[in-house]
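Down below is the structure, laid out as structure tokens.
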Ligand code: HEM
């Protein structure tokens with residue numbers, strides 16, 4: 001094959017040539033080194049999927065019946081974290097606003113942490129492993145404690161330890177919702193009139209609506225959950241910063257990301273295995289359902 | 001074999017290869033010779049459209065399994081496997097609320113390897129959600145999202161969402177109690193959004209409750225809409241990996 005005569009190359013300095021040579025020596029050929037690894041991993045994965053599929057059958061329950069709601073009804077497992085959130089806050093917050101903001105925040109990570117620190121290697125920065133562990137432990141233990149609190153487990157523990165009932169004057173601390181239901185909020189709080197000027201339904205020819213706001217409800221369903229979800233991560237960040245554990249942006253990102261993953265996993269596990277009939281906090285298996 | 005380089009000492013394999021494939025048909029398909037010299041090995045990667053997803057050379061550390069755990073590659077591999085098993089499932093499945101459930105029953109009981117096919121498709125779908133999530137964690141902890149790879153991380157987040165949506169739309173298709181109620185719970189979450197929630201839920205489900213319109217919408221999204229979108233974003237994802245100079249390395 002005739003090789004086209006090429007333009008003579010620019011003279012390259014000795015140092016540059018040395019660096020280029022060293023880089024070349026660090027490199028392998030994709031065929032065979034990478035293609036081989038990929039091939040083996042594809043074969044191993046195919047075989048394990050095949051074995052799994054021979055051994056474990058997919059679930060098929062009775063034919064769909066729109067008039068028969070199973071108890072509990074559950075979303076697919078990777079959305080059970082959101083369904084878990086649904087039990088503790090306003091549905092708009094749990095079902096739409098939180099996941100939307102979480103995805104935007106996830107996408108924004110590289111634009112916030114845009115240094116080259118710790119690039120291209122596992123846990124390359126100092127303290128990165130410690131930050132991962134701290135984030136993961138705080139995230140999972142924290143979300144678990146909040147779930148137990150909202151299920152009034154602290155009341156049960158108190159009662160079984162002391163043998164006496166939970167003091168009546170602390171009834172509003174039984175769960176998050178109790179703050180709304182166990183305090184005698186005055187009517188001026190539970191029915192804050194916004195009048196008919198907020199929703200101008202009259203403009204499109206509909207009857208006017210007098211809008212009232214239930215402040216304790218807003219507090220319990222929106223204000224407390226939102227401040228918890230924003231406040232606790234910020235608090236963790238500040239504590240880690242003051243403790244000189246998290247210094248750079250990469251450090252804070254490791255802390256937050258690890259915490260996020262831990263919360264995601266914890267909520268998913270609780271939603272999958274510990275929410276039974278009526279979404280009560282009891283052990284649950286989808287396979288038990290599948291057998292009837 | 002004038003045009004391809006030959007190794008200095010030809011082994012038995014090289015000779016056999018010559019005997020078997022030194023003909024015009026084979027050489028019209030594969031232009032480079034047997035990959036037995038560095039030059040031929042690079043040519044094989046550079047001249048094959050599929051292998052050309054890769055560069056011809058790659059840094060040592062990126063070949064180590066413990067750097068990527070093959071997770072991105074496995075996600076892609078699962079996507080391909082799901083496409084194949086999905087096409088096979090489509091032969092037997094009609095997206096109508098009168099037939100869907102019985103089609104699945106018939107697939108499991110009357111079709112040879114039908115149950116195995118359904119199991120493969122289902123476990124690979126769960127597996128893909130897992131590998132994509134773990135791939136994201138691997139990219140994060142190796143700090144591989146940093147400039148110039150910011151945009152590819154964003155493409156990744158889109159791929160994560162598409163993967164979840166693919167799995168979610170597939171969940172409805174068996175039309176059993178698990179399917180319909182999971183989708184009811186999920187789409188009700190969409191409906192709870194302020195202002196735009198209910199109209200969005202209505203469009204997604206095609207009515208007030210999950211029924212025939214929902215089934216055909218989810219089916220169409222599941223078998224063509226979302227896979228096409230995912231394929232487009234994967235193309236961008238892989239292209240950008242090459243454009244950004246291969247996998248991230250310490251500076
Ligand atoms: C369907 C889903 C996905 C597929 C098929 C996919 C595929 C791949 C492949 C094959 C690689 C090459 C290296 C490796 O195998 O790890 C890669 C790298 C990468 N992926 Fe993904 N990916 C997906 C989702 C994601 C997600 C969810 C993210 C992040 C949010 C992401 C961000 C990246 C980045 C930044 C790189 C470059 C890594 C580096 O330079 O070391 N990808 N992806």
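At-a-glance table
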{"item": "Selected from B:195, B:65, B:224 as most flexible by GNM, with chain B as the system and alpha-carbon contacts under 10 Å", "result": "B:195"}
{"item": "Rounded, prolate or oblate (a/c below 1.5 giving rounded, otherwise prolate when a/b exceeds b/c) for chain A by Cα gyration tensor", "result": "prolate"}
{"item": "Relative contact order for chain A, counting Cα pairs under 8 Å that sit 6 or more residues apart, in percent", "result": "26"}
{"item": "For A:93, B:228, A:219, order by how many other beta-carbon atoms lie within 10 Å, fewest first", "result": "B:228, A:219, A:93"}
{"item": "Expected 222 nm ellipticity per residue - DSSP helices of 4 or more, -39500 (n - 2.57), all of the protein assembly as shown, to 500", "result": "-18500 deg cm²/dmol"}
{"item": "Percent of Cα pairs exceeding the 35 Å cut-off, where the set is the protein assembly as shown", "result": "51"}
{"item": "Chain B: C-alpha gyration tensor shape, a/c 1.5 cut-off, then a/b vs b/c", "result": "oblate"}
{"item": "Acute angle (nearest 10 degrees) that the helix A:35-55 long axis makes with the longest principal axis of chain A, alpha-carbon atoms", "result": "40"}
{"item": "Relative exposure of A:132, A:162, judged by other C-beta atoms within 10 Å (fewest first)", "result": "A:162, A:132"}
{"item": "Exercise: per-residue mean of other protein chain Cβ atoms within 10 Å, A:86-94", "result": "3"}
{"item": "Among B:13, B:206, B:186, residue whose mean-square fluctuation peaks in a GNM of chain B (springs only between Cα atoms under 10 Å)", "result": "B:13"}
{"item": "Cα-based helix-to-principal-axis angle, A:98-112 vs chain A, degrees rounded to 10", "result": "30"}
{"item": "Selected from A:169, A:63, A:180 as most flexible by GNM, with chain A as the system and alpha-carbon contacts under 10 Å", "result": "A:63"}
{"item": "Degrees between helix B:100-110 axis and first principal axis of chain B (Cα, 0 to 90, nearest 10)", "result": "50"}
{"item": "Alpha carbon centroid spacing (whole Å) that separates region A:49-72 from region A:100-176", "result": "33"}
{"item": "Cα-based equivalent ellipsoid of region B:79-216: semi-axis lengths in Å, sorted from largest, via gyration tensor", "result": "30, 23, 10"}
{"item": "B:66, A:272, B:61, A:100 arranged by Cβ crowding within 10 Å, fewest neighbours leading", "result": "B:66, A:100, B:61, A:272"}
{"item": "Efficiency of FRET between residue B:27 and residue A:36 - r from beta-carbon atoms, R0 30 angstrom, step 0.05", "result": "0.75"}
{"item": "Average Cα contact separation per residue, chain B, under 8 Å, 6 or more apart, as relative contact order %", "result": "18"}
{"item": "Shielding by other protein chains, B:169-179, mean Cβ within 10 Å", "result": "5"}
{"item": "Cβ-Cβ FRET estimate between residue A:162 and residue A:242, R0 fixed at 35 Å, reported to 0.05", "result": "0.45"}
{"item": "Ordering of B:209-215, A:45-51 by packing [mean C-beta count within 10 Å, highest first]", "result": "B:209-215, A:45-51"}
{"item": "Nearest-0.05 FRET efficiency for residue A:108 and residue B:236, computed from C-beta distance (R0 25 Å)", "result": "0.85"}
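Only the coordinates and a few stated rules stand behind these numbers; no lab work does. Just so we're clear, the structure is a prediction, and the values are computed from it rather than from any experiment. All Cβ positions, even for glycine, are placed from backbone atoms using ideal geometry, and neighbour counts span all protein chains on display.
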